[in-house]
1. Can you list which of the DSSP-assigned H helices in the chain have a Cα extent of 15 Å or more along the long axis and an average Kyte-Doolittle score of at least -1.0?
2. Quick one: check the C-alpha center-to-center distance for the range 23-44 versus the range 59-109, whole angstrom.
3. With Cα extents along the principal axes in Å defined as stated, name the option among (i) 45, 29, 27; (ii) 58, 26, 23; (iii) 43, 38, 24 computed from the structure displayed.
4. Add +1 for every Lys or Arg and -1 for every Asp or Glu among the other residues with Cβ under 13 Å from the Cβ of residue 32, and state the total.
5. How big is the charge dipole of the chain about its Cα centre, in debye rounded to the nearest 20, if each Lys and Arg gets +1 on its Cβ and each Asp and Glu gets -1 on its Cβ?
6. Return the calculated 222 nm mean residue ellipticity for the chain, to the nearest 500 deg cm²/dmol, obtained by summing -39500 (n - 2.57) across DSSP H runs with n ≥ 4 and dividing by the residue count.
7. Calculated FRET efficiency, residue 77 and residue 15, Cβ-Cβ r, R0 25 Å, to nearest 0.05?
8. Determine, for each peptide in 41-49, 73-81, 108-116, the mean count of other beta carbons within 10 angstrom over its residues, then list the peptides with the highest first.
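Every number in this text was worked out from the coordinates using simple rules, so none of it is lab data. All values reported here derive from a predicted model rather than from experimental measurement. Every residue, glycine as well, gets a Cβ built from its backbone with ideal geometry; the counts of neighbours run over all protein chains shown.
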Amino acid sequence: MQDDAVQARKDAAIDFLRLVIAGRIDEAYRTHVDMSGKHHNPHFAAGMPALRQAMIDNHAQFPDKRIETKRVIAEGDLVATHSLVSLNPGNMNIAAVHIFRFGGDRIVELWDVTQELKADSPNADGTF
């Protein structure tokens with residue numbers, strides 16, 4: 001049986017991703033993120049404010065972006081999601097793994113790993 005706090009973290013991670021994808025980035029950060037936390041995306045400067053701005057910029061570039069979370073795994077203060085992200089629906093798809101570390105009910109650390117999906121992949125098992 002899943003601990004209530006762990007389930008709440010899973011729900012918060014999914015809600016954070018949904019809000020960001022919907023362009024409600026300020027709300028996502030206000031609701032779920034400790035702004036003194038850190039992220040590990042090598043493409044952006046350190047700190048949650050820099051990541052927040054990168055998400056705002058990305059939404060401006062891809063306003064029709066969609067996410068479909070396929071799996072959520074949680075243990076203790078960590079939550080991992082495995083998702084299909086469509087930057088331009090029907091055109092450019094990415095598999096994404098987000099790993100969140102929570103301090104209480106707030107995201108205090110975030111890792112993300114992405115992989116562009118290829119239509120001509122030789123793997124019949126697929127990405128998901």
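1. Counting only whole DSSP H runs, the qualifying helices are 4-21, 48-61.
2. 12 Å
3. Matching entry in (i) 45, 29, 27; (ii) 58, 26, 23; (iii) 43, 38, 24: (iii).
4. Net of charged neighbours comes to +1.
5. Dipole about the Cα centre, nearest 20: 180 debye.
6. Numbers: 3 runs with 40 residues, N = 128.
My calculation for the chain gives -10000 deg cm²/dmol from helical runs alone.
7. For residue 77 and residue 15, the calculated efficiency is 0.90.
8. Values: 41-49: 12.2, 73-81: 16.2, 108-116: 14.1.
Per-residue Cβ counts within 10 Å, averaged per peptide and sorted highest first, yield 73-81, 108-116, 41-49.
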